[in-house]
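Here's the structure, in structure tokens; my notes come after.
The values are calculated or read from the model by the stated rules, or taken from the named source; none is laboratory data. Keep in mind the model is a prediction, meaning the values are calculated, not measured. Here the Cβ positions follow ideal geometry from the backbone for every residue, glycine too, while neighbour counts run over all protein chains shown. All accessible areas refer to the heavy atoms of the entire protein, side chains included, with ligands and DNA or RNA removed. Shrake-Rupley method; radii C 1.70, N 1.55, O 1.52, S 1.80 Å.
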Amino acid sequence: MKLPAWISTAATAIVAAALPACDYFNLQEIKPGITTQAEVRSRMGEPGFIHWNDDGTATWEYARQPNGSSCYMITFGQDHVVSKLEQVLNDTNYAKVREGMSKDDIRRLLGAPGSKVVFDNLREEVWEWRIEGMPPMDETYFMVHFDTGHGGVKKTSKRVAVKG
């Protein structure tokens with residue numbers, strides 16, 4: 001039996017709204033120097049991506065795009081215990097984006113974007129993340145514009161979605 005579209009939409013909205021609440025409680029229990037990879041996996045689920053660091057350690061990515069405004073990076077030491085936990089969608093990391101950076105560099109810095117759109121006429125691919133607005137109720141987005149010719153970053157921008 002197929003569910004009516006409004007039920008599916010409502011269920012998706014409820015799950016999306018509940019994720020930040022679940023994250024809030026789960027993240028409180030993740031302690032650097034104490035929590036293991038197995039404990040993180042049981043609390044947070046499978047990571048969306050695993051970034052391998054130069055020293056052989058791993059950073060697990062938990063992007064909450066496109067509906068959420070967070071991306072958590074959890075780094076583990078050689079002992080498979082959490083060494084660092086951070087929410088990477090923040091002004092400090094946006095300021096680190098530089099012209100010429102690769103898509104891999106940006107993915108490692110900000111996590112998976114909520115959307116990717118190519119504008120052939122501008123020779124751009126734009127990655128967009130929903131971020132915390134100011135005030136918090138504003139639907140705000142951070143964007144990285146890549147040159148489709150050489151693949152590197154051209155510029156960044158922000159936008160606030162107009163409601164109404």
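Across the protein chains, with a 1.4 Å probe defining accessible surface, the residues Trp52, Trp129 rank Trp52, Trp129 from largest area downward.
According to the Kirkwood relation over distinct C-alpha pairs, the hydrodynamic radius of the chain is 17.4 Å. Once you put a point 7 Å from the Cα of Asp54 and another 7 Å from the Cα of Glu39, both along the Cβ direction, what distance in nm separates them? It works out to 3.0 nm between the two label points. Here are some pairs, Lys96/Lys158; Lys96/Lys155; Lys96/Lys154; Lys84/Lys158; Lys31/Lys103; Lys31/Lys158; which of them have Cα atoms lying more than 22 Å apart in this structure? Lys84/Lys158; Lys31/Lys103; Lys31/Lys158, as the Cα separations exceed 22 Å there. The residues packed around Leu85, meaning those with a beta-carbon under 13 Å from its beta-carbon, carry a net charge of -2 if Lys and Arg are +1 and Asp and Glu are -1. In the chain, the DSSP-assigned H stretches of four residues or longer account for a calculated mean residue ellipticity at 222 nm of -8000 deg cm²/dmol, using -39500 (n - 2.57) per stretch and the full residue count as denominator. Here the chain is treated with +1 on each Lys and Arg Cβ and -1 on each Asp and Glu Cβ, and its dipole about the Cα centre works out to around 380 debye. Accessible area per residue for the chain, computed on protein heavy atoms with a 1.4 Å probe, is 61 Å².
Each Cα pair under 8 Å and six or more residues apart adds its separation to the average, and for the chain the resulting relative contact order is 15 percent. Taking other residues whose beta carbon is less than 14 angstrom from the beta carbon of His51, and scoring Lys, Arg as +1 and Asp, Glu as -1, yields -2. Within the assembled protein chains, the solvent-accessible surface assigned to Lys84 is about 100 Å², based on a 1.4 Å probe.
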